[in-house]
Each structure stands twice: as structure tokens, then as C-alpha cells.
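Reading through the C-alpha cells given below for one structure.
The values are calculated or read from the model by the stated rules, or taken from the named source; none is laboratory data. Note that the coordinates shown come from a computational prediction; the quantities given were computed from them, not determined experimentally. Ideal geometry is used to build each Cβ from the backbone, glycine not excepted, and the neighbour counts take in all protein chains shown. Keep in mind that these areas ignore ligands, DNA and RNA; they rest on the heavy atoms of the full protein, side chains included. Shrake-Rupley method; radii C 1.70, N 1.55, O 1.52, S 1.80 Å.
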Amino acid sequence: MKDSWMGGAALACVLTACAWAAPVAAQPGGVETMPLWPDGHLPQVVQGPELVGNEGSAMGAVTRVSAPRMEIHRPARPNGTAVLILGGGGFFRIQVGTAARPMAQWLASIGVTSAVLYYRLPVDGWPASAPFADGQRAMRLLRANAAELGIDPERIGVMGSSAGATLGGILATRFDHDFYPAVDTADALPSRPDFVAMLYPVVTLRAPYDTTRTRRELGTQADAVEAYSVESHARADMPPVFLAHAADDPIADVAHSLLMFDAVREQGVDVEMHVFDRGGHSWGLGRPGTRAAQWPRLFATWARTHGFMSAPPARLQPLTGDMPAPTPTTAEDDALSPEDDED
């Protein structure tokens, strides 16, 4: 199942050569934090403290990120697989509380080490390339710290929802383009994920599907449409792709997933797509009893089929922490207004 982008022996040599390892700080509840960049490396762009929403569709959403980092959830019995989780939010916020963190807790319950990425947001004044730089750096740090985290450096995937799927798709297709200059030896490691899951994704910035907040926020870069329309960068050596979408999505038209499916299949890369007749947008793990709530099991089966996860444990580790239900978005939400909900 593993591509020939970098041989296992060569990767092991590079990992051994990496002298720098990101410090990992333990947080309440057993969650650990790993900063992405050395102290003082980033300029001061964001004014004021980081904020977390506490009502409506902003519940649990993080804004004003000035310290990019990973929130690492370790399973009780790790199976060697790791997933970098990229919450959505149209690049003006990151939906952590009702999407990314519950996904991380679910993955940990089935043995997968997961890392929720707190990435910089263009809406705060960072360049459009900042979240992609943070994503690449996160993938490299996971590989640099693979031994300490108990993960296989050749079984590290990404899982992105909505705008987070834009980020995940670019990591999966533009891995030979460095979005930042090397900082240390960790940056000699590959940033290419081994698999990618794209949930209710924003794939293209091209008309007629350019009505998303993602298009607006990334538009601060002159060539954003070409640079960040994921389907344009599909290639034969990209990782296999899992897609899940709802046909009635009012924010990211299901055509986004259809475009990605066709582009990946044309390159001869394995791709699986599930389209649910109803579900809307921003369903996270999915509300119990809904069709969209089937996607975690479908994804796990797909990942095991491709050799990225082992058989499920006999007894699942219980989820921990508060998991507020996602707030649904509707067709009345204007994806290009300041009040839009593209999560």
C-alpha cells in the first residue's frame, strides 16, 4: 500500500539524523501540546489573546491563533497509525470543539494517535500560505517525533473537514512545494501524508463553486485560485483519498467532492467516495441516527483495507471530555458574508 515516494530505509536514516524534537507539554485530561515553531520564529501578527467561541455555530471554534501547535491525543493501545486533523472554518476560524476534537477522541478510541492542528488564519493578517506552511511543518514534526509518539512514520494521514479539507488536499498534492524555508533538521523529512480523508470538502476555488469563505480568505494571494484549487494538483504519486459529502450541502456544493473524485481517478490513484442524500454541512462525527453518522465506520473500513489501520480492538477506549453537538448550517447562511458558517 505504501508508495515509493521515499523508501523505508531512507526515511529511517533521515529520522535518525533528526536531532531536533519538538517539546511536548502535557495538558489536563492526558492531552499533550506540541508547538510547531521554535520560540521567536514567527512575527507578531495577531493582536490580543486566542479566542474560543461559546455560542451558535461558533461554539468551540478557535480564532486569533498566534502560536500554531498540535493537540495530541494518544490512545491507550496505539496501533502505530497517526492522523493530523484539520478542522474547517473557512480560514477565519477553526472548528475544534464540535468537529476536530471529537474526531481525535474517536480515533484514539480505536488505537489511532491523532493531532488536532491549530493553524494560522489569513483573516488575522497572516499570508494565505500560512496554514499550508503550518500543515507541512506539522507532518514533518510528527515524523521527527515518531519514535517518541509510538507511530509508524509511513502511516501518517490527514483528515480535513470543509476548509480543513482544502488544507489536507494541498498537503496531499503539493508536497514537493515548500511553503516555508527550512528551520531545522525536521524539515528534511517528507510532508506528504500517506492517506487523506476529505469530509464535506471545499476542493476548488474556481467558478461556479467560488462562493465559499475559503475562496475569500485565500484570495489575498494573487494566484490563489490556481495555487489552492486541489483538483488542479491531483497527481499519480499522491496518497489514496477518502471522500464523504452530503448531497444537500448548502455551503460546499457536493460538486467539490465529485471534482476531486474524478481528478484523482484520472491519475490512477485509489479513491473512495460516499455521498449521503441528506446531512447539510459541518456534521463532524455526525448526529446519531443520521446517514452522515456512518462515515467514521466507512472510513475505518477503508483505512484497514489499505493497510493503514489494524483490526479494531476488542474493547474500545471510552471517549473523554465534552463533545458538544455540531450546529447545523443552512442555505440561509451567506458563504461570503461576515456571518457565514463554513465549518
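Taking 0.36 nm per residue of sequence separation and subtracting the Cα-Cα distance, how much length would be gained by fully extending the chain between His177 and Thr305, in nm to one decimal? List each step's numbers first, then the result.
Numbers: separation 128, 0.36 × 128 = 46.08 nm, distance 2.97 nm.
Roughly 43.1 nm would be gained on extension.
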With every protein chain kept in place and a 1.4 Å probe, the residues Asp39, Asp152 fall, from largest accessible area down, as Asp39, Asp152
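Report the relative contact order of the stretch 66-146, percent, no decimals, based on alpha-carbon pairs under 8 angstrom and at least 6 residues apart.
Over the stretch 66-146, the number comes to 37 percent.
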I'd like the FRET efficiency for Asp223 and Asp270, computed as 1/(1 + (r/R0)^6) with the beta carbon distance as r and R0 of 22 Å, rounded to 0.05. 0.15
Cα-based convex hull volume of the stretch 31-90 per residue, rounded to whole Å³: 139 Å³
Under a crude label model (7 Å from the Cα following the beta-carbon direction), how far is Asp277 from Leu51 in nanometres? 4.1 nm
Non-local amide H neighbours of Val83 (under 5 Å, H modeled in plane, Pro and chain starts lacking H): which ones? Thr113, Ser114, Ala115, Gly157
So who's got an amide H within less than 5 Å of the one on His274, skipping anything under 5 residues away but keeping other chains? H placed 1.01 Å off N, in plane. Leu243, Ala244, His245
Rg and Dmax of the stretch 150-302, Cα atoms, in Å? 15.5, 47
Which residues among the stretch 192-214 fall inside the zone where the amide N is under 15 Å from a point 7 Å beyond the Cα of Thr290, along Cα→Cβ? 199-201
May I ask you to compute the full-extension gain from Asp262 to Ala147, defined as 0.36 nm times their residue separation minus their alpha-carbon distance, rounded to one decimal in nm? 37.7 nm
Between the stretch 54-132 and the stretch 241-290, the Cα center-to-center distance that results, in Å: 20 Å
What is the gain in length, in nm to one decimal, between Arg206 and Ala236 on full extension, counting 0.36 nm per residue of separation less the C-alpha to C-alpha distance? 8.6 nm
State, to one decimal in nm², a quarter of the convex hull surface area for the C-alpha atoms of the stretch 247-291, i.e. the direction-averaged projected area. 3.4 nm²
